[in-house]
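Following: one structure in structure tokens, then a few remarks.
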Amino acid sequence: MSDPSARTNRVALVTGCSAGGMGYYFCVHLRKKGYRVFATARRLSAIQDLEKEGCDLLELDVTDEKSLARACEAITSATGGKLHLLVNNAGRGLVSPIMSASLRDIRSMMDTNYMGLIACTQTFGPLLIRTASSEHASGSTWRPKVVNVGSVAGIQPVPWSGLYSSSKGAVHRLSDALRLELKGFGVDVVVIAPGVIKTGFAGNVASYGESTKDNNKELEEELYPNLPAILEKRKQLLYEGYRSEADEWAAEQVEVMTRSSAPAYYISGAKSWIAAYAVPYLPTWLIDFFTARGNACDMVRYQPKQT
């Protein structure tokens, strides 16, 4: 439950709050800050534990306009139209070579990671703007915020997750424009860019199977006959080293997003230093060299079929 010493009248909406993920812990720590938190997921059964934390639970599919409209109506009715934080966290991963990836899988991922984020912002953004106006009228300097969860993968190249990486890169560029478009309304836009975090999502991104069943298998077997070995080595290199604990990492992000004024980008978590300090300053050939080694790209060689 929330810390009585941190009571506030502020309201937060968090998407993608399934148990064990970043969104789940965002909700937990926002409650500790005294926020009224609307926790959402496509299935209420995935977020039942958050009811014990004092969260309001809503079923929400960010790719479904009717679902978004129902959620907006429910929040408006419950809060009188107040919303101080919109945390766009819902997302899905995709591990696949770009050359053989299913276009259907790519569209589905982009629908959630990019189009769904836009849809959420269009649906709930007016509540933030009206709340910002009320805050300003009351003399408060605190600014409502759109918090978009990006990724270090949107900053640095990530072979075998290039499609996921591109969706997060798109979120970053969208946020840059949105930040300027909403500034005059008194609404901030913040990008949270996590490194390698220990969540169920990280495990799913590291896997290869169900999400790629519609790939062009014939081409994939021709180009990458040793793909399982490549991805297993890549998994070991990326995910079986140091990872930030989701609970501790989320607490840090909540401190940032609840500030009166937050930075445009906040990059943190295990291995995030690469995106924050190496990628912007080192030459591309050097980034490519180390990225290829760290993602088992040295195992790729074309071997013509014997006839």
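The table that follows gives values for the structure above.
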{"read-out": "Qualifying residue in region 216-226 (condition: crowded, with 19+ Cβ neighbours inside 10 Å and modelled with pLDDT of 90 or more)", "value": "yes"}
{"read-out": "Tally, over region 8-41, of residues that are of a type outside the set (A, V, I, L, M), closer than 22 Å to Ser67 by Cα and at pLDDT below 95", "value": "2"}
{"read-out": "Any hit, region 39-50, residues being part of a helix (DSSP H, G or I) and either under 15 Å from the mean Cα position of the chain (by Cα) or of a type in the set (Ser, Thr, Tyr) (or both)", "value": "yes"}
{"read-out": "Selection from region 71-101 of residues that are out of contact with any Cys (no Cβ under 9 Å at 6 or more places or on another chain), surrounded by 15 or more Cβ atoms within 10 Å (Cβ to Cβ) and not hydrophobic (A, V, I, L, M, F, W, C)", "value": "Thr76, Thr79, Gly81, Lys82, His84, Gly91, Arg92, Gly93, Ser96, Pro97, Ser100"}
{"read-out": "Among the residues listed as Ala292, Ala262, the single one being part of a loop (DSSP other than H, G, I, E, B) and either touching a strand residue (DSSP E or B) at 6+ places or on another chain (Cβ under 7 Å) or closer than 22 Å to Lys233 by Cα (or both)", "value": "Ala262"}
{"read-out": "Lone qualifier among Gly125, Gly169 - being in contact (Cβ under 8 Å) with a residue 24 or more places away in the chain and either buried (at least 19 other Cβ atoms within 10 Å of the Cβ) or assigned to a helix (DSSP H, G or I) (or both)", "value": "Gly125"}
{"read-out": "Residue, farthest from Val149 (Cα to Cα), within region 26-68, restricted to residues that are crowded, with 21+ Cβ neighbours inside 10 Å and of a type in the set (Ser, Thr, Tyr)", "value": "Tyr35"}
{"read-out": "Checklist (1) modelled with pLDDT under 90; (2) in contact with a helix residue (DSSP H, G or I) (Cβ under 9 Å, 6 or more places away or on another chain) applied to Ile287, failing item", "value": "(1)"}
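The values are calculated or read from the model by the stated rules, or taken from the named source; none is laboratory data. Quick caveat, the model's predicted, so the values are computed rather than measured. Don't worry about glycine lacking a Cβ; one is built from the backbone with ideal geometry, like all the others, and counts go over all protein chains shown.
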